[in-house]
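Peer 1: First the structure, then my questions, so here it is.
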Amino acid sequence: MGFLPSRPPPERTTKQIGDAAEDAALAHLQRQGLRLVARNYRTPGRGGGEVDLIVQTPNGTIVFVEVRSRADARHGGAAASVGFAKQRRIVFAARHYLMRQRQVPPCRFDVVVIEPEGITWLQAAFDAP
């Protein structure tokens, strides 16, 4: 009986890499005491925004988290990739999310960076314009 030759494992897709980065970021935030409220929150329709993670601190602050992953620091690394246009889409999605709340809690925008050197949590990384 012949055996099939072993094949190298298929490369991970960008979606799989992004999901793994979000899993790592969420685990890190949960170890810091934050609680998951929503994951991959999207506004309806085209051209809207998306928030990777929405978490809540023990004191009730809602935190909208953008997760960025980079294999290396070329082009400024992962944190530099959260430019004005990306921030605007995150803020748009956050406002949409907050419209559904009876009372608007304190909130902020964080970025969690996943790089080969480790995880960096940038709290209050940007403000809503």
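The values are calculated or read from the model by the stated rules, or taken from the named source; none is laboratory data. Owing to the predicted nature of the structure, the values given are computational and were not obtained by experimental measurement. All Cβ positions, glycine included, derive from the backbone under ideal geometry; neighbour counts span all protein chains shown.
Peer 1: Residues of region 118-129 being of a type outside the set (Phe, Trp, Tyr) and within 21 Å of Gln30 (Cβ to Cβ), which ones?
Peer 2: Within region 118-129, Gly118, Ile119, Thr120, Leu122, Gln123, Ala124, Ala125 meet the criteria.
Peer 1: If you don't mind, there's one more thing I want to ask. Would you check which residues across region 103-126 are farther than 13 Å from Ile62 by Cβ and not in a strand (DSSP E or B) and list them?
Peer 2: Once the filter is applied, which keeps residues that are farther than 13 Å from Ile62 by Cβ and not in a strand (DSSP E or B), region 103-126 yields Pro116, Glu117.
Peer 1: Run down Ala25, Ala21 and say which single residue is crowded, with 16+ Cβ neighbours inside 10 Å and modelled with pLDDT under 95.
Peer 2: None of the others qualify; the one that does is Ala21.
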